[in-house]
Amino acid sequence: MFEFLMGVEFLLLLVLVGVSGATGYAANHLKYVRESESSFRLWLKAAKIGVYIGTALIMVWVLDIIIIFVNYGWLFIMDRVLNLLPLLSLPAAIVLIFALPNLSRETNKKSSLFFIVSVHVMTVGAVLAFFLVTIDIPAIPNTKDLLIYGGALITSAGLLWLYHGRRIRLLENRLPRYSIRIVRGAVYFVLVFVVAITGLVVSQKMSEFPGRMNMVHHHTADFGGGDSSLDKNTNAHHDGHDSNSDSKSISVVELKGPQTDIPDKKYVLYAETKKIRLASGESIEAWTFNGQSPGPELVANEGDLVEVRLVNKNIDSGVTIHWHGVDVPNGEDGVAGMTQDAVMPGESYTYRFVVKEVGTHWYHSHQQSSVQVQKGLFGAFIIHPSSQYQHETKTMDTTIVAHDWITPDGRNIPALDTADTFQRKTVNTGTPIRLRLINAGNLTRTFSLNGVPFKVVAIDGYELNEPGTLTTSLLRIGGGGRYDIEFIMPDTAVTLAMLMEGKPIGIVYSPDGHGKRNVLDEGEILDITKYGSPAQASFNTSTVFDRTFTLILDQTYFGVYNGEAGQQWVINGKTFPDTPTLMVKEGDLVKTTFVNRSFADHPMHLHGHHVQVISKNGKPISGSPLVLDTVNIEPGETFEVAFLANNPGLWMDHCHNLDHAQKGMTMHVAYENVYTPFAIGSETGNSPE
Ligand code: C2O
Ligand code: CU
């Protein structure tokens, strides 16, 4: 429904541009043909019809916007109302109320001129509106956009008035010779073409990131309505240079885990290229940790000090490790160019941190993450509660990582770990099973479990309160997200499937290992905001927040980003580094509202913190409290999430469809006084996305 309404809007505006262009063409003839009554009539009629169709299109557009408003809310349409509506409705109103009646009363030069100009201004309004929706989305209405686009409309009105007035005087109503018109037409065409191409080339060049830039941009600082006395500090840190005069400044490199204590768990991960083979026999040129992908499963107990040494054997672009779902100190967060430099071939880097977040998490490189995670630089990271660990040893506890592999010839192969075909597993009847599903891919994945009642016991590692028993529900896991499901093995076969276009893949569990696959491919998607029972939680709808942020997620249809032309993914109309930087102070209660107006899911992942979901689509959540690190927001959805700012640092907050993050959908949560000595850009070798 939502996509339909947005699609209708796009089409309406596109058709409107065409119709108003044609109307402008017809109106233009009124300049030449006044002497010949009949053709004047004809062109006038054509122009009138065009104006009526254009007006009707605008009215349907308004209706479409009203329907979106009623179903999805003000946040979805505020820019349409405040930025687009004036551009479309004012010129149309002028044509209908003044220009047309005027022209019908007496057809003199003046009335023709007024009509021609106002129709052309209507065309300009339609083009600007279309441009705003497809390329320069306002999202959050602001006076700057209003002035720029309103100013463009008014300026064009003035210029058109001068131009057409002069032409009318000059031509004295005689149609110029055909050849002259052809030449003029050609010249205008070339001119528009040249301007467009120059515009594209220039913006492409300008959009290129500098060779060196700071990851956190204070020029887009958003204080969320909170204390902005940070101004002094942020100015001091502008361009990445810390000022020693500001004694409170703290560098990310000082925000580290325990450096000297003896670790409880110690791992070494070697990043290296390695050919791996999928179950179907397909071979993949993977980038791996310790020669395997998924990399070794890291296991720790709650409270353990974990030490991981990363050694880069031969990944030329450098690597890092980010601990997805584990709220480590900022300096251990593994973001190239923000918390460390990428670890180059032959180099190593040691991470040390105490783990508190029990549950299913994962780790992955955060250098060129859109490329490196895809190629295989990721693995599972399981943290057991210290108490529970002992008594459930007879549980079959398995981790399954969904991922998309790309073959050397460019085919995309979805798989569970490296299994791109259905697998069989033997499990004794009566065995408790915990399946930890990790989505390490970019796209949302839908899973089903058939043949046994089950429960979703945890999401993003967070244990749900009193989860109910499910039988036919489908589970939708966004990119980066995790679901833990539990069931007791029956004496018949159980089929876990990942549903996809084409044939599903999955695992058949059975006591004799020969169970028949029986895929459940239809059912209702589990709504996690209504699952389980409510319980005491840190935030609720009446919490008073220190800062509130509104973040509108959109796609542009076209644009240039870091030197590349194409579609982009924007936050409040902007791509990184122009996306807002959410400024917070330690101890702040922070609320962020995400609105997805695009055609794709956006699993928004905040580093260093967990967020509690307060409401979805305006309704407070009614099930178990939900504390997530990756909140998947589907088209047309609004999520309010809250967190306590309790982990000082500079933290990424981005879409975990890593291709989206790489195309602009990245921002940061920045604590006052924290700065980074690292930078990104071609000169630095750091490129976190
Ligand atoms: Cu799982 Cu910023 O990443
Ligand atoms: Cu996204």
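The values are calculated or read from the model by the stated rules, or taken from the named source; none is laboratory data. The model shown is predicted, which means the values in this text are computed figures rather than measured ones. All Cβ positions, glycine included, derive from the backbone under ideal geometry; neighbour counts span all protein chains shown.
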Worksheet item: How many of the residues in region 561-578 are modelled with pLDDT under 95 and part of a loop (DSSP other than H, G, I, E, B)?
Response: 9
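What residue, among those in region 30-43 that are in contact (Cβ under 8 Å) with a residue 60 or more places away in the chain and part of a helix (DSSP H, G or I), is nearest to residue 95 (Cα to Cα)? Outline the logic, then answer.
Going residue by residue through region 30-43, those that are in contact (Cβ under 8 Å) with a residue 60 or more places away in the chain are 30-35, 40.
If we keep only those that are part of a helix (DSSP H, G or I) as well, we get 30-31, 40.
Values: 30: 15, 31: 17, 40: 18 Å.
Looking at the filtered set, the residue picked out is 30.
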Worksheet, complete the sentence: residue 556 fails exactly one of (1) surrounded by fewer than 17 Cβ atoms within 10 Å (Cβ to Cβ); (2) within 30 Å of residue 131 (Cα to Cα), namely (1)
Response to the item:
Over region 53-102, the set of residues closer than 22 Å to residue 120 by Cα, in contact (Cβ under 8 Å) with a residue 60 or more places away in the chain and touching a Lys or Arg at 6+ places or on another chain (Cβ under 9 Å) is none
Worksheet item: Which residues, taken from region 617-674, are under 27 Å from residue 337 (Cα atoms), surrounded by fewer than 21 Cβ atoms within 10 Å (Cβ to Cβ) and within 16 Å of ligand 2 (Cβ to nearest atom)?
Response: 659
Worksheet item: Does region 387-399 contain at least one residue that is within 16 Å of ligand 1 (Cβ to nearest atom), free of Cβ contacts under 8 Å to residues at least 60 places away in the same chain and not in a strand (DSSP E or B)?
Response: no
Item to complete: With the condition kept exactly as written, say whether any residue in region 665-680 is under 14 Å from the mean Cα position of the chain (by Cα), modelled with pLDDT under 95 and farther than 30 Å from residue 73 by Cα.
Response: no
Fill in: Selection within region 300-315 - touching a residue at least 60 places away in the same chain (Cβ under 8 Å) and either of a type in the set (Gly, Ala, Ser) or not in a loop (DSSP other than H, G, I, E, B) (or both)
300, 301, 303
Discussion item. Modelled with pLDDT under 90, out of contact with any helix residue (DSSP H, G or I) (no Cβ under 6 Å at 6 or more places or on another chain), of a type in the set (A, V, I, L, M) and under 23 Å from residue 129 (Cα atoms): is that true of residue 200 in this structure?
Written reply: yes
Worksheet item: Any idea which of 430, 451, 461 is more than 16 Å from ligand 2 (Cβ to nearest atom) and either touching a Gly at 6+ places or on another chain (Cβ under 8 Å) or of a type in the set (Phe, Trp, Tyr) (or both)?
Response: 461
Practice prompt. Could you please tell me which pairs satisfy a Cβ distance under 8 Å, a separation of 6+ or placement on different chains, a first residue in region 1-26 that is in contact (Cβ under 8 Å) with a residue 60 or more places away in the chain and under 13 Å from residue 67 (Cα atoms), and a second residue that is among the aromatic types (Phe, Trp, Tyr) and surrounded by 17 or more Cβ atoms within 10 Å (Cβ to Cβ)?
Written response: 2/72; 9/61
Item to complete: Say whether the condition of being farther than 21 Å from residue 572 by Cα and within 15 Å of ligand 1 (Cβ to nearest atom) is met by at least one residue in region 657-678.
Response: no
